[in-house]
Amino acid sequence: MYTEEEFARLRKQAEDLDRKREDEAKGNKYETINGKQVVCNLCENDHFHKGSALLNTRGMTFFGLDWLNESAVTLICNGCGYIHWFFGEIKQI
């Protein structure tokens, strides 16, 4: 059995986890290096999930060196799912 203090601590941990999951599901706001906030081209939403993708080239693939290719930052719109591609840094705000 749990004491009241332990139960209250466990309840707070569960509430913190729920809040964190909700925040992650909502996504984050981002801006480019020059300070412009990223907004979706289709639905004008401003919350995204960040990812990355390899920019494969024929030559590197032919020689089995795909891992040497450069990568791009992808931001997936939380509203409509449109994928925005960026070659360079994107800052979370």
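The values are calculated or read from the model by the stated rules, or taken from the named source; none is laboratory data. Being a predicted model, the structure only gives us computed values, none of them experimental. Positions of Cβ are backbone-derived with ideal geometry, glycine not excepted, and every protein chain shown enters the neighbour counts.
From the list Leu55, Leu75, which one is modelled with pLDDT under 90, under 22 Å from the mean Cα position of the chain (by Cα) and of a type in the set (A, V, I, L, M, F, W, C)?
Values: Leu75 fails: modelled with pLDDT under 90.
Among Leu55, Leu75, only Leu55 is modelled with pLDDT under 90, under 22 Å from the mean Cα position of the chain (by Cα) and of a type in the set (A, V, I, L, M, F, W, C).
One residue stands out among those in region 69-83 that are touching a Ser or Thr at 6+ places or on another chain (Cβ under 7 Å) and not small (Gly, Ala, Ser): the one that is nearest to Asn56 (Cα to Cα), which is Asn69. Just so you know, in region 1-34 the residues that are closer than 30 Å to Gly88 by Cα and exposed (fewer than 10 other Cβ atoms within 10 Å of the Cβ) include one that is farthest from the chain's Cα centre (by Cα), and it is Asn34. I'm trying to understand the selection: among the residues of region 17-43, which are touching a residue at least 24 places away in the same chain (Cβ under 8 Å) and assigned to a loop (DSSP other than H, G, I, E, B)? Gly27, Lys29, Ile33, Val38, Cys40, Asn41, Leu42, Cys43, listed by residue number. Close contacts from region 79-93, counting a first residue that is at pLDDT 90 or above and a second that is of a type in the set (Gly, Ala, Ser) and surrounded by 11 or more Cβ atoms within 10 Å (Cβ to Cβ), with Cβ to Cβ under 6 Å and a gap of 6+ residues or different chains, come to Trp85/Ala72.
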